[in-house]
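Below is one structure, written out as structure tokens; the observations come after it.
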Amino acid sequence: AGPCDIYASGGTPCVAAHSTTRALFDAYSGPLYQISRGSDGATTNINALSAGKVANAAAQDSFCQSTTCLITTIFDQSGHGNDLTHAPAGGAATGTDPGGFDTQAAADGAPVTLNSQKAYGVFISPGSGYRNDATNGIATGDAAEGMYAVLDGTHFNGACCFDYGNAEVSARDTGNGHMEAIYFGLGTGFATGAGSGPWILADLENGLYNSANVSVNPNDPTVTERFVMGVVKGQPGNNWAVRGGNAVAGSLTTYYNGVRPSPGYNPMSKEGAIILGIGGDNSNGAQGTFYEGAMTSGFPSDATENAVQANVVAAGYAVTSLTSGPAITVGSTVSFRATTACCTNRFIAHTGSTVNTQVITSSNSSAIRLSASWNVVTGLGNSGCAASFGTSGFELFVNANDGSALFSTDATWCPQAGFNGQGNSIRSWSFPSHYFRHFNAILFAASNGGPSASSLTLLASRASESQWT
Ligand code: AHR
């Protein structure tokens, strides 16, 4: 059985079921998600390999070969049509996609395996988010509902708000109690759990809550697991709960089950929109990764949720390589030569903090050759990737490490097999739709289509510094 078969047998059926990694019903064989391709704008649906099974990641890999893909739609598997697409502008933020929509997630930003079969999660960068403001069957008012989500416990920040769940249909903050969603992150400025975070909390609007009105709930632990399960539920009679656990082992723990915060949260004023990766008012500065989740009609029992947790554990989530193409080995010193036809004599170098391309030969001074030599270190933001460049905005700079989490994520790059069949294309870890590109000899972390019209694929020559002398 899938998670939504379990909810159904508990008397609390799924009214939304979203996952890019697997079917959440045993009998579901429809599309899991739709992707669009950067090279020609074509779209395709990615289905499960067969009913009830893991996504067909190979179909994505082949459709997206030599180009980039974005996730355009996360289909609702419950039959209620509650599909998610990129979120429209809201009260707090306007997205940067045409029309003010939030950006879409790179289709390959969050590779994992489920019992050794490859699949992709939804990697939400700041500015990305998904939403459905015209749903069917989702709880409104004070009606009972439950929800769960499987997330990456190592991908988070403090910005508002990496959420999955029930929010305002207007994408505006319409007051306390107008949301009921799972939140994951540092919850900056709101209630927290024990330790230094991140935490699973509940976004009930105008507050990320760990309980009723307590600022620190010592029973809501700092998440240290790579895959984390978050659970939130609420029902009439002034009752709600937040639960969580390790999505690859063990059982759920109840962090809180009790009365609502006050004022304004009893009765609730849920509106029934669904959000992913953003706040109710489209606050879109947060980041995180979503693998699967569902929302129910009715208040699931703890026993039902425990069975869903066991089902998630049995799905066998595990990490897999974030890199491809020729290895760029940690500890080595490398030079990066452009493979764009115009510029194959140019190497990535830096002049002061500006990262540029320069024509460099062995007759250049050692200072210039050194400026085009890069030490490969373990990715600061994710140890599965290599890092040696920082960015500000999407122009690349050489910056000293200021020790911040933002620096770590900005300075982490995941080499991929080169889009033009040569060497590597260098992908940003935190903005996986962005790659090294050059324009007027300046380096950018650019998405498909901008800021330069010319394509850039980079060949890591892997020349050691000594080869220049
Ligand atoms: O409750 C926290 C956030 O506050 C909500 O997600 C958002 O709508 C508001 O800005």
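Take Ser335 and tell me if it is among the hydroxyl-bearing types (Ser, Thr, Tyr) and more than 30 Å from Phe290 (Cβ to Cβ). It is true that Ser335 is among the hydroxyl-bearing types (Ser, Thr, Tyr) and more than 30 Å from Phe290 (Cβ to Cβ). Taken over the stretch 434-461, the criterion of being at pLDDT below 50 and either part of a strand (DSSP E or B) or out of contact with any Gly (no Cβ under 9 Å at 6 or more places or on another chain) (or both) is satisfied by Pro451, Ser452, Ala453, Ser454, Ser455, Leu456, Leu458, Leu459, Ala460. Take the conditions more than 25 Å from Gly129 (Cβ to Cβ) and modelled with pLDDT of 95 or more and apply them to Asn284. Does it pass? Spelling it out, it is not the case that Asn284 is more than 25 Å from Gly129 (Cβ to Cβ) and modelled with pLDDT of 95 or more.
Total residues in the stretch 229-281 satisfying the condition of being touching a residue at least 12 places away in the same chain (Cβ under 8 Å) and either farther than 27 Å from Phe123 by Cβ or part of a loop (DSSP other than H, G, I, E, B) (or both): the figure is 36.
If you take the residues in the stretch 177-190 that are over 18 Å from the mean Cα position of the chain (by Cα), modelled with pLDDT of 95 or more and in a loop (DSSP other than H, G, I, E, B), which one is nearest to the ligand (Cβ to nearest atom)? Top of the filtered list is Met179.
Among the conditions (1) crowded, with 18+ Cβ neighbours inside 10 Å; (2) at pLDDT 95 or above, Gly91 misses just one, which is (1).
Test of understanding: among Leu443, Leu406, which residue is of a type in the set (A, V, I, L, M) and surrounded by 24 or more Cβ atoms within 10 Å (Cβ to Cβ)?
Leu443
Just a yes or no: is a residue in the stretch 217-228 touching a Pro at 6+ places or on another chain (Cβ under 6 Å) and of a type outside the set (Lys, Arg)? Yes, some residue in the stretch 217-228 is touching a Pro at 6+ places or on another chain (Cβ under 6 Å) and of a type outside the set (Lys, Arg).
Exactly one residue among Phe431, Phe347 is at pLDDT 90 or above, buried (at least 18 other Cβ atoms within 10 Å of the Cβ) and over 23 Å from Thr68 (Cβ atoms), and that residue is Phe347. Looking across the stretch 328-351, the residues that are among the small types (Gly, Ala, Ser) and touching a residue at least 40 places away in the same chain (Cβ under 8 Å) come down to Gly331, Ser332, Ser335, Ala338.
Can you pull out the residues in the stretch 330-343 that are farther than 17 Å from Asn440 by Cβ and loosely packed, with under 12 Cβ neighbours inside 10 Å?
So the first thing to find is which residues in the stretch 330-343 are farther than 17 Å from Asn440 by Cβ, and the list is 330-337, 339.
Across the stretch 330-343, the qualifying residue is only Gly331.
Specify the residue that is nearest to the ligand (Cβ to nearest atom); the eligible residues are those in the stretch 284-316 that are among the polar types (S, T, N, Q), surrounded by 19 or more Cβ atoms within 10 Å (Cβ to Cβ) and part of a loop (DSSP other than H, G, I, E, B).
Initial filter on the stretch 284-316 (among the polar types (S, T, N, Q)): 284, 287, 289, 296-297, 301, 304, 306, 309, 311.
Narrowing the set further to residues that are surrounded by 19 or more Cβ atoms within 10 Å (Cβ to Cβ) leaves 284, 287, 289, 296-297, 304, 309.
Filter once more, so that each one left must be part of a loop (DSSP other than H, G, I, E, B): 284, 287, 297.
Values: Asn284: 10, Gln287: 15, Ser297: 23 Å.
The extreme case among them is Asn284.
May I ask you to list the residues in the stretch 85-100 that are more than 16 Å from the ligand (Cβ to nearest atom) and under 25 Å from Val15 (Cα atoms)? Of everything in the stretch 85-100, those that are more than 16 Å from the ligand (Cβ to nearest atom) and under 25 Å from Val15 (Cα atoms) turn out to be Thr85, His86. The residues listed here are Gly109, Gly137, Gly165, Gly146; of these, the one that is closer than 16 Å to Glu292 by Cα and assigned to a loop (DSSP other than H, G, I, E, B) is Gly109.
Hey, among the residues in the stretch 19-57 that are surrounded by 22 or more Cβ atoms within 10 Å (Cβ to Cβ) and farther than 14 Å from Asp76 by Cβ, which one's farthest from the chain's Cα centre (by Cα)?
Kept after step one, since they are surrounded by 22 or more Cβ atoms within 10 Å (Cβ to Cβ), are these residues of the stretch 19-57: 19-25, 28, 32-33, 35, 46, 48, 54-55, 57.
Those still in the list that are farther than 14 Å from Asp76 by Cβ too: 21-22, 35, 46, 48, 54-55, 57.
Values: Thr21: 13, Arg22: 16, Ile35: 15, Ile46: 18, Ala48: 20, Val54: 19, Ala55: 17, Ala57: 17 Å.
Among them, the one singled out is Ala48.
Can you name the residue in the stretch 58-84 that is surrounded by 22 or more Cβ atoms within 10 Å (Cβ to Cβ) and not hydrophobic (A, V, I, L, M, F, W, C) and, of all such residues, is nearest to the ligand (Cβ to nearest atom)? For the stretch 58-84, the residue satisfying everything is Asn82. Residue count for the stretch 237-280 satisfying the condition of being within 14 Å of the ligand (Cβ to nearest atom), closer than 21 Å to Phe184 by Cβ and either surrounded by fewer than 20 Cβ atoms within 10 Å (Cβ to Cβ) or aromatic (Phe, Trp, Tyr) (or both): 1. Going by the structure shown, is Leu208 more than 8 Å from the ligand (Cβ to nearest atom), at negative phi and buried (at least 24 other Cβ atoms within 10 Å of the Cβ)? The answer is no for Leu208.
Got a number for residues in the stretch 334-353 being assigned to a strand (DSSP E or B) and in contact with a Phe, Trp or Tyr (Cβ under 7 Å, 6 or more places away or on another chain)?
Taking the stretch 334-353 first, the residues assigned to a strand (DSSP E or B) are 334, 336-338, 346-351.
Within this subset, residues satisfying the condition of being in contact with a Phe, Trp or Tyr (Cβ under 7 Å, 6 or more places away or on another chain) are 334, 336-337, 347-348.
Of the residues in the stretch 334-353, 5 are assigned to a strand (DSSP E or B) and in contact with a Phe, Trp or Tyr (Cβ under 7 Å, 6 or more places away or on another chain).
Here is a check on your reading of the model: is Thr174 near the ligand (Cβ under 10 Å from one of its atoms) and of a type in the set (Val, Ile, Thr)?
Working: near the ligand (Cβ under 10 Å from one of its atoms): yes; of a type in the set (Val, Ile, Thr): yes.
Yes.
Set side by side, the residues Asp203, Asp220 differ, and just one is free of Cβ contacts under 8 Å to residues at least 40 places away in the same chain and buried (at least 18 other Cβ atoms within 10 Å of the Cβ), which is Asp220.
Only one of these is over 21 Å from Ser39 (Cα atoms) and touching a Ser or Thr at 6+ places or on another chain (Cβ under 6 Å): Asn115, Asn82. Name it. Let's see the steps before the verdict.
Numbers: Asn115 fails: touching a Ser or Thr at 6+ places or on another chain (Cβ under 6 Å).
The match here is Asn82.
Here is the figure for the stretch 162-171: residues that are more than 9 Å from the ligand (Cβ to nearest atom) and not β-branched (Val, Ile, Thr) total 5.
The values are calculated or read from the model by the stated rules, or taken from the named source; none is laboratory data. Remember, predicted model here, so these are calculated numbers, not experimental data. Heads up, the Cβs are rebuilt from the backbone with ideal geometry, glycines too, and the neighbour counts pull from every protein chain shown.
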